[in-house]
Amino acid sequence: MNLKQALPIALVSAAIGALAGGAYVHHRDRAGPAPLAVRADAAPAAAARDDSGDHGRAEAGSPYPRYLALGNGAPASFEALRKRAASDPAFLQDLLQRLRNDPQPDARGELLALLQAVGGEDVLRYALSLAASTRAQDERAGLDLLGSYSLERAEVREALLAKLRAGGDAQREVELIRLLTPAAVADEDAAPVAAQLALLARDPDPEVRAEAVFQLAQWAEPGQAEDALHRALLDPAAAVRSKAINAVAGSHARSERLKDALLAIAADPASAPGDRGAAALALQDFRLSRAEYAIWKRAQARADAENGEGG
């Protein structure tokens, strides 16, 4: 029987860690936030002035706080700076150069958020040139900027794939894999991405394997991803197994051996409680025999009890 039809249970998606190089930088409310380091002569007083007189709240229609300031100390809203950068090429180039050279993490974070919001072709070209640099700080800034562009753009896909093919340390590879956010592209364009992820799903480093198999399930056809998913469900590394469970749940890959692996995890007291619960949830999309249903029912009851939902 199909448990998804017979027993409607809300499928809870696991929160996947934020991408390095995500589209936005989180700004914390601080008593004395660092101002954006923009030259006083880079913006006239009219651009720096906030006409509302309220500098502590977000501008109407904008998710960004009014904490940024120009070099002369006058408060300026995020939107005022974004609009200026979008319409003033010289100002935009100044911001791009400062992102490349500013050594202060707070200032670089503010600049990154601003430039990601500006977007456009000039920012993309600069991001690609920085990402191709051999200077680590430049490459990091370039990749962070690229993270705000869709992989529908061929140049973005190719830049990330080139970096992955070149290899590097495991943490850098993990960050690059996380930037491979699935996009609606032609099969011919998705194939190189899936092929690279399939290779990385066999990487010696478990964190690389975990991230690669999760992304692979979203890029590859279900039948193509099935082998990697099954291997990952049996992986000796707990992190890989956890990612594989969520990958199966979020994909259309279905097979008897995937079902058997999920049942084994769900029924194994030695499995992590979170993995047992996630496996039980993933099994809702599989057709189960009466014996398999009994295993699933016990696993689901145990997961509910561990989550305080039993009754």
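Legend: ranking of residues 165, 100 from fewest to most surrounding C-beta atoms inside 10 Å; resulting order 165, 100.
Please list the three semi-axes, largest first and in whole Å, of the ellipsoid equivalent to the range 83-220, using sqrt of 5 times the eigenvalues of its alpha carbon gyration tensor. Intermediate results must be reported in sequence, preceding the final value.
Details: eigenvalues 163, 58, 25 Å².
Square roots of five times the eigenvalues give 29, 17, 11 Å.
Under 12 Å of direct C-alpha separation, and excluding same-chain neighbours fewer than eight residues apart, residue 163 reaches these aspartates and glutamates: 139, 173, 175.
Each label was represented as a point 7 Å from its Cα along the Cα-to-Cβ direction; for residue 224 and residue 133 these points are 3.4 nm apart. Extension gain, residue 290-residue 170: 0.36 nm per intervening residue step, less the Cα-Cα distance, totals 38.8 nm.
Order these by the 10 Å Cβ neighbour count, fewest first: 134, 181. The partial results should precede the final answer.
Values: 134 6, 181 15.
Fewest-to-most Cβ neighbours within 10 Å comes out as 134, 181.
The charge dipole of the range 209-250, taken about its Cα centre with unit charges on the Cβ of Lys, Arg, Asp and Glu (plus for the first two, minus for the last two), comes to roughly 180 debye.
May I ask you to sort 295, 265, 245 by Cβ crowding, counting other Cβ atoms within 10 Å and putting the fewest first? Let's see the in-between values first.
On the way: 295 17, 265 25, 245 30.
With the sparsest Cβ surroundings first, the list reads 295, 265, 245.
For the range 122-262, a crude dipole built from +1 on the beta carbon of Lys and Arg and -1 on the beta carbon of Asp and Glu, taken about the Cα centre, is about 260 debye to the nearest 20. Here the calculated FRET efficiency for residue 205 and residue 93, from their Cβ-Cβ distance with R0 = 51 Å, stands at 0.85, rounded to the nearest 0.05.
Remark: spin-label model distance residue 257-residue 122 equals 5.4 nm, labels positioned 7 Å along the Cα→Cβ axis.
Take the Cβ-Cβ distance between residue 150 and residue 195 as r, set R0 to 25 Å, and report the resulting FRET efficiency rounded to the nearest 0.05.
The formula returns an efficiency of 0.80 here.
A short reminder: the numbers here are calculations on the coordinates, not readings from a lab. Only a predicted model underlies this, so the values are computations on that prediction, with no experimental measurement involved. Neighbour counts run over all protein chains shown; Cβ positions are idealised from the backbone, glycine included.
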